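A quick write-up on the structure given underneath.
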Amino acid sequence: MESVMAATNSRARDGGQRGARGQALSRIDKWQSYRQHHQTTLKSSALKILREPLQSLLTILVIAIALTLPSALYLSVENIRQLSGGVDASAQISVFVKKGARESALESLTAKLEGLSGVASVTYISAQAARDEFEALSGFGSALQYLDENPLPDSFLVRPLLIGDATRLVTEIRELKLVDDVQLDLEWLQRLDALLDMGRKLVLALGVALGLGVILVVGNTIRLAIQSRRDEITVVKMVGGTDAYVRRPFLYSGLLFGLFGAVVAAIILTGLGFWLAGPVNTLALLYQSQFSITGLGFGGFVALLLIGGSVGLIGAWLAVGQHLRNIQPR
């Protein structure tokens, strides 16, 4: 009796193990089938795009132009910001000292300026150094020979850490002894900062508007594809095909359109960069500048692919969701 029960338990354990292995193998088979179906659908979607070269090319070019315009404007804004050398780093406060100040008083004033909160650096310019620079650069140096004394005072150049601290520093410096005048030319810096901020907002607005345009273009292309395959979709639904199964090839088509458009946009931006590099470098050399155009870069290329693919996928999803509900098996 005991041997019979042992044999029964052994067969039950073996059956349970075989059942567990069978379920595991079934899940693996389902996953492999699911992955294979996605690969096949992606391949067939790509081949379908290639089989309609003219229509596909027009759609890809429209998407590429829509992605190129805001990207080019964004790169322009970034290059202008780079050319400016940073607004915060360009703000300098000119501090003019009263005539006849002693050397010890100048050293004390230097220490006070360096001790102010928000000061990045302080540069002292003696009256003689200012005169020598004026004679070398102005072209009117000979006129100074007819003067009894040097009319230029000692001065300091104070560079704030942040442009927002400049106005406060001017007020504090005016209250120091020996300070005769303080000058801060912030208008051009403020205008440049306003232009750069406006450029960033324009990039965002243009990107959103053209992104909606890309969604409409992809949606219209997918709508035409759905209409051309209406009978096929009806048959698939009649034999039990789910909406996800029917939707999948159109989603891949939208994704591929967006990715191809992003690649073409990257090629256009790279070509524009090479085309402008020569004249810009020549102009920079004339002004003894080390400026060079900053292109899209690898990070920008990846971001462009993500944006293009996402916009294409959204357009396809909206189009399929709207038109698939109208196709029902009879």
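The values are calculated or read from the model by the stated rules, or taken from the named source; none is laboratory data. This is a predicted model, so every value here is computed, not measured. Ideal geometry is used to build each Cβ from the backbone, glycine not excepted, and the neighbour counts take in all protein chains shown. For the accessible areas, the whole protein counts, side chains as well, though only heavy atoms, and no ligand, DNA or RNA atoms are used. Shrake-Rupley method; radii C 1.70, N 1.55, O 1.52, S 1.80 Å.
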Item checked: Members of region 282-301 found to be within 20 Å of VAL77 (Cβ to Cβ) and open to solvent by less than 90 Å² (accessible area, probe 1.4 Å), listed by number -> ALA284, SER289, PHE291, SER292, ILE293, THR294, GLY295, LEU296, GLY297, GLY299, GLY300, PHE301
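Can you pull out the residues in region 75-101 that are over 29 Å from ALA127 (Cα atoms), at pLDDT 70 or above and of a type in the set (S, T, N, Q)? Reasoning before the result, please.
Start the filter on region 75-101 by keeping residues that are over 29 Å from ALA127 (Cα atoms), which leaves 75-84, 86.
Narrowing the set further to residues that are at pLDDT 70 or above leaves 75-83.
Selection gives SER76, ASN79, GLN82.
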Margin query: Every residue in region 192-231 that is over 19 Å from the mean Cα position of the chain (by Cα) and charged (D, E, K, R), please.
Written below: ARG223, ARG229, ARG230, ASP231
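Would you list the helices (runs of 4 or more DSSP H) that sit entirely within region 160-269 and hold 2 or more residues that are assigned by the TED database to the domain that holds GLY297? Steps first, answer last, please.
Details: elements: 166-174, 187-228, 230-238.
Passing ranges, in order: 187-228, 230-238.
In region 41-53, which residue that is open to solvent by 40 Å² or more (accessible area, probe 1.4 Å) and more than 15 Å from ALA244 (Cα to Cα) is modelled with the lowest pLDDT? Give the steps one after another, and end with the answer.
Here is the first cut: in region 41-53, the residues open to solvent by 40 Å² or more (accessible area, probe 1.4 Å) are 42-44, 47-48, 50-53.
From what is left, the residues that are more than 15 Å from ALA244 (Cα to Cα) are 43-44, 47-48, 50-53.
On the way: LYS43: 85, SER44: 81, LEU47: 86, LYS48: 84, LEU50: 85, ARG51: 86, GLU52: 84, PRO53: 85.
Applying the filter and picking the extreme gives SER44.
Scan region 234-267 for residues that are over 24 Å from GLY219 (Cα atoms) and open to solvent by less than 70 Å² (accessible area, probe 1.4 Å) and jot them down. Give the derivation first.
The initial filter retains those residues of region 234-267 that are over 24 Å from GLY219 (Cα atoms), namely 238-240, 267.
Listed by number, the list holds a single entry, GLY240.
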Note to self: Please go through (1) without any contact (Cβ under 8 Å) to a residue 12 or more places away in the chain; (2) under 21 Å from THR40 (Cα atoms); (3) assigned to a helix (DSSP H, G or I); (4) not aliphatic (A, V, I, L, M) for THR282 and return the number of the only condition it doesn't satisfy.
What the structure shows: (2)
